[in-house]
Amino acid sequence: MNNYHRFDCLIVGAGGAGLMAALESSKLAGTAVVTKLYPTRSHTGAAQGGIAAALSNLEEDSWENHAYDTIKGGDYLVDQTAAEILAKDAVECIYDLEHMGLPFDRTPAGKISQRRFGGHTKPNPEYDPSAAPGTPNARPRIPVMRACHSADRTGHMILQTLYQQCIKQGVTFFDEFHMVDLIMEDGECRGIIAIEIATGQLHTFHAKSVMLATGGYGRIFKVSSNAYALTGDGPALAYRHGLPLEDMEFYQFHPTGIYRLGILLSEACRGDGGVMINDKGERFMERYAPNLKDLASRDVCSRSIYQEVRAGRGVGGRDFVYLDIRADTINRYGTSPTGSKVDSRWVESRLPDIIEFARTYLGVDPIHEPVPIQPTAHYGMGGIPTDIWGRVLRNVQGDQVPGLYSAGESACVSVHGANRLGTNSLVDLVVYGRRAGRDMARHAHETPFQALPAKPETHSKELISRLLSQPVRFPWVKLRDEMQRVMMDDCGVYRTAETLERAQTTIARLKEQFLQVGVQDKGSVFNTGLLEVLELGNLLELAEATVAGAVARKESRGAHSREDFVDRNDEQFFSHTFASKDGENSAKVDYRPVDILWTEKDGQKVPKYPLEIRKY
Ligand SMILES: Cc1cc2nc3c(=O)[nH]c(=O)nc-3n(C[C@H](O)[C@H](O)[C@H](O)COP(=O)(O)OP(=O)(O)OC[C@H]3O[C@@H](n4cnc5c(N)ncnc54)[C@H](O)[C@@H]3O)c2cc1C
């Protein structure tokens, strides 16, 4: 067979999750990575603010605090065993990264430096339930410095470090190979089909363990912090092969995207003392989250911005507010992490890239003026359901798909539940990338290569030749614009039955029209038009699953805010959504119970993390 490759372990995606898995599996088994981008261009490299681990380097902390925050931050839709593993293993993973050479920022004593991030807390030792509301002692929990960082380039450093280690360890890379199909046979995954971008040729990859680590899909929305390549190819292919996607209705909007452009200004801005202000110059988060204020979770902050705008307090009555990181402002509110006064030089040293983004893309200098911001589509909490070893689940009973794994943003393990805390994605990549890599090698040792079906590339060949031969009746760019607009307006920060129905009808129509699109460029060398059309097809599948979950979930929880069902409804909806294909243009929805842990109290079995109303 031409263009045939065979490896024990095959990983699709060279972001933090894929590289961590490759590093681990290649210790024990032959491993290759297939990636549509050159590895160090993966979106992990854009991560700015930090990676969470309870190291207690600047103040006392514990993995238990981290697990509690993660579960509460996810509005209790978090699988608790998975969250505890995340919080415990985070510590070891950070030291592993350090030993691989990752240049973390340091404290004056030479330890790994840490900063604050939204929703990361510890119990307040001075807490007094009888204290007057709004006073410091009335706060049951206070922010803690838990995010390890390299200035505001943490993800860049992680990606470079992992890539160097993979090269050193002899991992084989297929750079600029775009996966177009999974090879599924007898309910198992046996490999993938990919296009070599430089030549347009199809390649067959045969493997015992296959991992999808293809990252996020923020490009279903109009205003997004995500790179253009984040089109959810992995989850979309799994979905098309009849596998379910979990909790897709929970999509995180990050509060501080540059106005209109969506480019991210990291939460580290607020962790380091910056605040959001409205048209009147008020620090409006005091109104919505009296305890943690600007360091409340992202869903809370994004909704607060919308509330300010709706109340006419957006800047100049418009649809944005300001992020203010000027040293004077930080000093006025006393929000610097150390409590001492800061100056512009300190701000510039902590947030160099972010300050440069605002100067370059907006012509605003954050050292001297506040920056216009609005919520930007940022992170998919949902994805391909997996167990705590990254093994993909085929149904709500938890049966596995032999040979198929997923980790990172494309997966849902689920440690982020209904809302992810900042810095918890990077740690998810390394903790669960590593676990999945280990299990992939184990599986590869225990299993022989299974035969591939005859001509596994037939479907991909037909799809591509249809796209190349079809006349260009519907300009696909218009379809993409319409999808992004309807998802932003009707399935964004706030939703109702009416807006969701509109989104559902529109997406179904766009999927019909998509069958008629053609590609202008008929060539085979670097045909980026063809790839973008394939990616649009994937985005449409994910939009469909997202809306289906949102329609069915008649409650508000975490990032899913229904204006027609404003409260959380634990009786009916304390469970994960599994959306799977039901015909060509619709999805059906099932539910899987949340994994909860129990403990003993006064001789009684009680939930370890009791459900609470989430307040910050
Ligand atoms: C601007 C920004 C800042 C962020 N800051 C932080 C932060 O400070 N802390 C934090 O915890 N999180 C942060 N996040 C979130 C976090 O960075 C991402 O969730 C995480 O990096 C995703 O990693 P990944 O390994 O899953 O995927 P990615 O790093 O996105 O990599 C995906 C890989 O899949 C490959 N791929 C995709 N499709 C295909 C295909 N069809 N064929 C072949 N290969 C394919 C790509 O080539 C790429 O190598 C940030 C996100 C953004 C966008």
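Quick note: the coordinates plus some simple rules give every number you see, no bench work behind them. In this text, all values refer to a predicted model and were calculated from it rather than measured experimentally. Cβ atoms come from the backbone with ideal geometry, glycine included; neighbour counts cover every protein chain shown.
If the cut-off is a Cα-Cα distance under 17 Å, which aspartates and glutamates reach Lys111, setting aside same-chain residues fewer than 8 apart in sequence? By straight Cα distance, Lys111 reaches Glu59, Glu60, Asp61, Glu92, Asp96, Glu98. Using Cα pairs closer than 8 Å and at least 6 residues apart in sequence, work out the relative contact order for the chain, in percent. Answer for the chain is 21 percent.
For region 278-356, what does the alpha-carbon gyration tensor say about shape, rounded, prolate or oblate, given a ≥ b ≥ c as the root eigenvalues, a/c under 1.5 as rounded, and a/b over b/c as prolate?
On the way: a/c = 2.02, a/b = 1.62, b/c = 1.25.
It comes out prolate by the Cα gyration axes.
What the pair-distance distribution of region 51-152 shows, using all Cα-Cα distances binned every 10 Å from zero, is 15, 41, 31, 11, 1 percent.
Taking the DSSP beta bridges in the chain as the whole, what percent of them are antiparallel, to the nearest 5?
Working: 54 of 78 bridges.
The antiparallel fraction comes to roughly 70 percent.
How large is log10 I(q)/I(0) at q = 0.30 Å⁻¹ when the Debye formula is applied to the Cα atoms of region 7-58, each weighted equally and without solvent? Values returned for q = 0.30 Å⁻¹ are -1.09.
If R0 is taken as 41 Å, the Cβ-Cβ distance between Glu501 and Thr81 corresponds to a FRET efficiency of 0.65. Given the pairs Lys461/Lys581; Lys88/Lys122; Lys293/Lys615, which are separated by over 18 angstrom at their Cα positions? Violating the 18 Å Cα-Cα cut-off are Lys461/Lys581. Shown here for region 139-176: trypsin sites (Lys or Arg not before Pro) in loop regions (DSSP other than H, G, I, E, B) with at most 16 other Cβ atoms within 10 Å, of which there are none. Along region 195-209 the Karplus relation, 6.51 cos²θ - 1.76 cosθ + 1.60 evaluated at θ = phi - 60°, assigns HN-Hα couplings of 8, 7, 4, 5, 10, x, 7, 8, 10, 9, 10, 9, 8, 8, 10 Hz to successive residues, with x for each Gly and Pro. The helix-only estimate of mean residue ellipticity at 222 nm for the chain, built from DSSP H runs of length n ≥ 4 each weighted as -39500 (n - 2.57), is -10500 deg cm²/dmol after division by the residue total.
Amide hydrogen proximity for Phe474: with H placed 1.01 Å from N in the peptide plane, the residues at 5 or more positions away or on another chain lying under 5 Å are Gly518.
Evaluated over the Cα positions of the chain, the convex hull gives a direction-averaged projected area, one quarter of its surface, of 27.4 nm². Can you list which of the DSSP-assigned H helices in the chain have a Cα extent of 20 Å or more along the long axis and an average Kyte-Doolittle score of at least -1.0? Result, helices passing both filters: 80-100, 154-168, 424-446, 476-490, 497-514, 528-552. Restricting the GluC sites (Glu not before Pro) of region 551-616 to loop positions (DSSP other than H, G, I, E, B) with no more than 14 neighbouring Cβ atoms within 10 Å leaves Glu563, Glu584, Glu612.
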